[in-house]
Structures are given as structure tokens and as C-alpha cells.
Amino acid sequence: MRVKTITRRRMAHILIVCFVLLACAFQVQAAKNVILMIGDGMGPNHVKAGSYYVGGQTGTLAFEPFYKCSVRTYPLGGGVTDSAAAATAMATGNKVSNGVISQAGNGTAYTTILEKAKAAGKRTGLVSNVSIVDATPAAFGAHEASRNNTSQIVNDFLNGSKPNVVLGGGSGSWTSTQITTAQSLGYQYVTTNTQLQAVNSATQPYVIGLFASGDMNYEYGWPGGSTQPHLNQMASKALSVLENDPDGFFLMIEDGIIDHASSVNQVTKDVVELSNTFTMVMNWVQTHPDTMVIVAADHETGGLTVTNNGAGVYPGGTWTNGAGNHTATNTPFYVTGANANLINNYMVSGTMENTDVFRLMDTAFNTPVPEPSTLITLGAGLLTSAAATHKRRK
């Protein structure tokens with residue numbers, strides 16, 4: 001009788017394991033899509049400022065529940081990074097000197113996560129509310145010795161990485177010849193939000209939207225009658241174009257105004273716009289659970305410290321490093337969605353290197369999880385084995 005009782009317990013344990021495996025099979029998916037959202041200049045107190053404004057306390061921005069760790073941002077050789085070096089680290093997994101766009105000191109190009117996604121047959125996109133050839137988006141789709149080589153960055157987009165979606169400001173950096181070249185390559189060119197929303201996402205795989213000569217509008221004091229799209233509107237249209245590729249996509253969305261607004265002590269509204277864009281993205285993810293979503297920052301700007309003035313009121317702020325100047329403060333990092341648990345491979349004592357942002361995305365794209373059929377077969381095998389053992393011992 002004792003042997004029979006132990007066998008039944010073992011049978012029960014195996015059944016539980018099988019049910020857990022089968023349940024996981026329908027809940028865990030590999031990352032077919034990766035969406036990287038970057039708050040340029042967004043340090044921990046920039047997030048706190050936006051949170052105070054929205055809810056009068058910390059933790060009220062949409063992405064805050066997904067906080068994982070802080071990120072070290074120093075460039076090659078150490079010190080305080082600029083956006084070019086920081087974005088290159090996230091885009092390629094390599095440290096470079098300030099001002100350099102995704103290439104080694106000898107001029108050798110570092111392959112970006114956007115280029116790797118494209119090589120894997122995925123669609124790709126770059127969205128920013130500053131110039132689309134500014135340092136952050138450039139680092140994902142170009143290779144230049146200087147971030148100031150804006151005309152060459154355009155050529156790198158058109159003749160090299162060729163993202164499916166390119167949306168932002170910076171039309172002043174594009175020549176009429178480059179626009180004509182883009183159209184000959186199959187891009188639909190738009191310059192207003194009305195034109196952007198009219199793009200047929202189902203049939204048009206390539207879109208360039210340039211909505212300002214330089215940077216786009218600040219969310220603070222958004223001008224009435226503006227023809228520009230908000231960041232969340234550009235991101236939404238990008239998703240509607242990219243989602244049509246069965247192989248998936250990579251999309252970088254930057255709120256670059258957070259950095260620029262710091263120079264005039266107005267950061268809250270654009271941090272909130274990044275949060276609003278995250279909410280839109282997560283609504284989309286509900287029907288696309290095979291998507292990893294990251295919110296990160298390239299560096300902190302200004303040494304911001306904030307005081308809470310209550311919901312709906314701008315918080316007080318002081319700038320310990322001078323308005324507009326970058327600092328070496330670690331930046332916050334948030335991740336959710338498919339393969340988000342891989343972040344645990346890169347954190348040490350609550351921090352990670354900015355180069356590991358690339359590795360996390362690359363690994364997420366390339367780490368398969370067992371198909372449901374595999375786990376069902378495994379579960380069936382365990383049940384058969386358990387039943388046979390049970391029969392012998394009876």
C-alpha cells in the first residue's frame with residue numbers, strides 16, 4: 001500500500017508540471033517586434049517631474065511600473081556622453097567617442113540593431129520629434145565620423161539602411177535632390193499630419209515625413225493650428241505601416257524635445273507625451289504580444305532636481321549643472337513584453353551598461369521559446385511515462 005500511495009503522489013506532481021508547461025506554452029512568445037522608446041536627456045528627475053504633473057506623486061507615468069534598473073552612459077574613454085556616443089552604444093553595443101555615429105575610430109561601420117533587423121527580413125522605422133538626422137536617430141541608420149555630417153546621414157538612410165519609416169523634423173537637412181531620390185526609391189513623402197494620416201498603411205511600405213525645418217514643436221505651448229503631428233501620432237502611423245510585415249519589425253521612437261526643453265526649464269509636457277505615446281504603444285501590443293517594448297534614455301540633461309507642486313501644476317526645478325548641459329547621472333530603464341525577462345542577464349547590482357541595451361534587443365530577437373507543439377509533446381511524454389510507471393508498480 002505504501003508504494004501505491006507514493007506512486008500516486010508522483011503522478012500528481014507530474015500532472016501539475018505538465019499543466020504548467022502547457023499553460024506557459026500559450027503565454028510566452030519570442031520577440032518578433034522590438035520597440036525602443038528613447039527620452040533624450042531623460043534622467044530620473046525628469047521622470048519624477050512628469051509624474052508629479054500627471055498625478056501629484058511618483059509612479060503615475062504609464063511606463064513607470066516597468067522600471068528595471070539604471071544605466072551607465074559614459075562614452076569611450078569615460079566622462080560625460082553626448083547623444084551620438086550614447087545612441088551608438090544602444091544601437092550597436094559599442095562605445096565610441098562623443099560626436100561619432102556608429103563607427104569605429106578607423107572608420108569601420110558598426111552594424112546597428114536596425115540593420116540587423118532589416119537583414120533578418122524585418123521592416124524598420126525611425127521616429128523623432130527633433131530632426132530625424134539628429135544624433136539619436138542617425139546612430140541607428142547611419143555611419144559617420146561626425147554627427148554634424150547631416151547630408152551624408154541622409155545619404156546613409158537612402159543608400160544604406162533604408163528604413164521603411166522615417167518621420168520627424170529636419171527638412172532643412174534634406175536637399176530637393178535627396179527628396180527626389182527618396183521618391184524614386186519608393187518612399188511616399190509627406191509634410192503635414194493630414195498627409196501622414198492619409199498614407200495607406202496597408203499598401204505603402206515606405207514613408208518619409210518631414211514636418212519642420214529643424215526640431216518640431218514643444219508640447220509645452222503647442223501652437224494652435226499647427227500642421228505638425230504629435231509624437232504619438234507619428235508613432236501610431238509607423239506601427240500601422242510596420243505591422244504588415246509577417247517577419248516583424250524594429251522601431252525606434254525618440255522624444256528629443258525632453259533634452260532641448262531642459263535648456264529652457266520646461267521638461268514636463270514632453271515627458272508626459274512620451275508616456276502618452278507609451279500608452280498608445282501598449283494598447284497596440286495587446287493584440288501583438290510578441291513585442292518587446294523598452295523605454296530608455298541616452299543621458300541626463302541639466303542635473304535636474306524637482307519639487308512637487310501637485311497634479312496639473314508644473315513642479316519646481318533647479319539645474320545643478322547648468323540648463324542644457326549633460327551629466328553623468330545614470331538613466332532609468334524600463335522594459336516589458338516578449339522576452340523582457342532577458343534583462344536579468346545584463347543587470348548587476350541594479351545597473352547595466354548602455355551597450356547592453358543593444359545586446360538585450362539582439363538577444364530578444366534571436367532567443368526562441370519552445371513552440372506549443374513542443375511542450376504538448378513533452379507533456380504527453382511525461383504523462384505516458386508516468387502512467388507506465390504507475391501500472392508497473394501496481
Practice problem: Taking the Cβ of each residue in Val199, Val357 as the centre, tally the other Cβ atoms inside 10 Å and list the residues starting with the fewest. | Solution: Val199, Val357
Quiz item: Top mean-square fluctuation among Asn276, Asn344, Asn106, Gaussian network model of the chain, C-alpha springs under 10 Å?
Solution: Asn106
Practice problem: Using Cα centres only, tell me the gap between region 71-87 and region 100-135 in whole Å. | Solution: 17 Å
Quiz item: What's the exposure ranking of Glu64, Glu300, going from fewest to most Cβ atoms within 10 Å?
Solution: Glu64, Glu300
Exercise. Any chance you could run the full-extension gain for Ser226 through Asn309? It's 0.36 nm times the residue separation minus the Cα-Cα distance, nm to one decimal.
Key: 26.9 nm
Exercise. Apply 1/(1 + (r/R0)^6) to the Cβ-Cβ distance of Asn344 and Gln195, taking R0 = 35 Å, and write down the FRET efficiency to the nearest 0.05.
Key: 0.20
Quiz item: Which one of Ser275, Ser184, Ser151 has the biggest mean-square fluctuation once the chain is modelled by GNM with Cα springs under 10 Å?
Solution: Ser184
Exercise. Measure nothing fancy, just the Cα-based angle from helix 44-55's long axis to the longest principal axis of the chain, in degrees from 0 to 90, nearest 10.
Key: 80 degrees
Practice problem: Rounded to the nearest 10 degrees, what's the angle between the helix 231-242 long axis and the longest principal axis of the chain, both from Cα atoms, 0 to 90? | Solution: 60 degrees
Quiz prompt | Cβ-based exposure ranking for Leu242, Leu185, in which fewest neighbours within 10 Å come first | solution = Leu185, Leu242
Quiz item: Taking only Cα atoms, what is the 0 to 90° angle, nearest 10, from helix 372-393's long axis to the longest principal axis of the chain?
Solution: 20 degrees
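Every read-out reported here was derived from the displayed coordinates using simple, explicitly stated rules and does not represent laboratory data. These numbers were taken from a predicted model, which means no experiment stands behind them. Using ideal geometry, Cβ is built from the backbone for each residue, glycine included, and neighbour counts are taken over all protein chains shown.
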